[in-house]
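The block underneath contains the structure these notes are about, expressed in C-alpha cells.
The values are calculated or read from the model by the stated rules, or taken from the named source; none is laboratory data. The model shown is predicted, which means the values in this text are computed figures rather than measured ones. With ideal geometry, Cβ positions are generated from the backbone for all residues, glycine too; neighbour counts draw on all protein chains shown. Protein only, heavy atoms only, side chains kept; ligands, DNA and RNA dropped before computing areas. Shrake-Rupley method; radii C 1.70, N 1.55, O 1.52, S 1.80 Å.
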Amino acid sequence: MNMGGSLGNIHYEKSRMPLTLREAMEQRLDDLEKRGNGLLVTIDEAQAADRSDMVAIATAVQHLTSEDRNLAFIFAGLPSMSSKWLNDDVMTFLRRAQPERLSDVPLIEVSHALADTFQQTGMTLDGEPLRIATQATAGYPFMIQLVGYHIWRIAARNQKLTFNTTVTTEEAESGVQDALSRLGDTVHGPELDGLSPIDKTYLLAMAQDDGPSSTSAIAERMGKDVKYAGIYRTRLIEAQVIEEQGYGKVDFAIPYLREYLREHAAYIRMTLNITE
C-alpha cells in the first residue's frame, strides 16, 4: 500500500506521514464533529500494507482515541492480516478491534445475485451457464466477485454487449478458469507467503486427501507425532486457513486451496527443501 489521499479537502502525502495524517484527520474531525458527525476510515487489503503506513495509522488512531474523538476504522483483508499485524507491538490498538469473518453465502443467494446483476447490465445469465458460475464460487465472497467479473468481461468482449446478450456455457467456463487463476494470485499465493515452512508442510500433507484429512494421517505424512503436528493445526485454524470437520478431522477453509497446493506442490517443496 502506497498511502496518499485526501480527507475532504485536506490532502496528505506519504513523505509527511505520520504527522500529516494525524493532523489531516484532526482537521476533518473538527469540521465533522461540529455537525454531530464522525469519521469512518476503511482500509482494504490490509495484509499487504507497508509497515510504515500501518505505523502512521496506528500513531494517528492512538492519539485521536486518547482524545475521545468520534472516529472508527474498518480493516479488510485476508486472514493472514490478523497474524501479521496483531503480533506487532506498534499495532496494539488492533487487538481491541472486533474481528468479523465473512461467512460463505448460500448458493441460492449467489445464483439470484449473479442473475440479477447481469440482467441490470443488459446481459442474461441463466440455465447451465448460471449453474456453472454459481457452483464455481463455493459461496466464497471474493470468488463471487471474481466469477461474476470474469464471465461478464468475456461475454461482453465476445458479443460486444448487443441487446439481450446471453452468456454461453463456453463463456461461463472460461470466466471461471480466469477467476480461479486470479484467486490463486490474490488469495492463495499471498496467504501461503505469510505462513511458516512447517505450516506449509502441514498443508501439503493435507492436500493429499480429496476431502477432510485425519490429523493422525497428517502427522504421519509429516514424519512427526500428533502432538507436534497439533501445534500447527491450531495455528492454521486460528489463521482461518483450515477448519475443524469433526473429531480428529480438518479441511481447508479457503476454497480451491487444495487444488492450488497440488498444482504448485513441486515449487513449494523446492522452497522448503523437501524431496519426494
So what does S103 come to for accessible area, using a 1.4 Å probe and Å² rounded to 10?
-> 80 Å²
Under a 1.4 Å probe, counting only protein heavy atoms, R157 has an accessible area in Å², nearest 10, of 140 Å²
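Could you calculate the contour length gain from S196 to Q177, that is, 0.36 nm times the residue separation minus the distance between their Cα atoms, to one decimal place in nm? Present the calculation step by step, with values, prior to reporting the outcome.
On the way: separation 19, 0.36 × 19 = 6.84 nm, distance 2.88 nm.
Here the answer is 4.0 nm.
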Linear extension gain, N70 paired with D225, 0.36 nm per residue minus alpha-carbon span | 50.7 nm
Which aspartates and glutamates does K34 reach when only Cα atoms under 14 Å apart count, and residues fewer than 8 places away in its own chain are ignored?
-> E26
Full-stretch length increase - A113, Q145 - with 0.36 nm per residue and alpha-carbon distance subtracted = 10.5 nm
Can you work out the accessible area per residue across region 225-276, with the rest of the protein chains kept in place, probe 1.4 Å, in square angstrom?
-> 65 Å²
Counting only protein heavy atoms with a 1.4 Å probe and every protein chain in place, the carbon and sulfur fraction of the accessible surface of region 142-262 in whole percent equals 50 percent
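Listed highest first by mean packing, meaning other Cβ atoms within 10 Å per residue, what order do 221-229, 55-63, 203-211 come in? Display every interim value, and only then the final one.
Details: 221-229: 14.4, 55-63: 19.2, 203-211: 17.6.
Ranked from most to least packed, the peptides come out as 55-63, 203-211, 221-229.
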Heavy-atom accessible area of H112 with all protein chains present, probe 1.4 Å, nearest 10 Å²?
-> 110 Å²
